[in-house]
Amino acid sequence: MKIGSLYKHYKGHIYKVINIGVHTETGEEMVVYSPIDDPNLIWIRPSCMFHDIIDYDKRIKRFEEIDNGEI
């Protein structure tokens, strides 16, 4: 995962990866990301959850990487 990459959430919103962090207690890698339409809102999710395959009518990726041309 590259800082600055764009990802589309399975519900349609687009997010930008701001940084990669580490949980202080567990050492787990965390993804720090923000919606492109509200950059002041910051979300943090464990990397393993960010890259999860979920059941939503079918099995899909929680986030799918996109390029700037897909916005």
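Just so it is clear, none of the values below were taken in a lab; they were calculated from the coordinates. It should be emphasised that the depicted structure is a prediction, and the values quoted were computed from it without experimental measurement. Counting neighbours? That spans all protein chains shown, and the Cβs are built from the backbone with ideal geometry, glycine included.
Descriptive notes on the structure:
- Across the chain, the relative contact order, built from alpha-carbon pairs under 8 Å that are at least six residues apart, equals 30 percent.
- DSSP loop GluC sites (Glu not before Pro) with at most 15 other Cβ within 10 Å excluded, longest remaining stretch of the chain: 29-71
- Backbone phi angles across segment 60-68, fed through the Karplus curve with coefficients 6.51, -1.76 and 1.60 (θ = phi - 60°), yield HN-Hα couplings of 9, 6, 4, 10, 10, 5, 10, 10, 4 Hz in residue order; Gly and Pro are listed as x.
- In the chain, helices alone account for a calculated mean residue ellipticity at 222 nm of -1000 deg cm²/dmol, with every DSSP H run of four or more residues adding -39,500 (n - 2.57).
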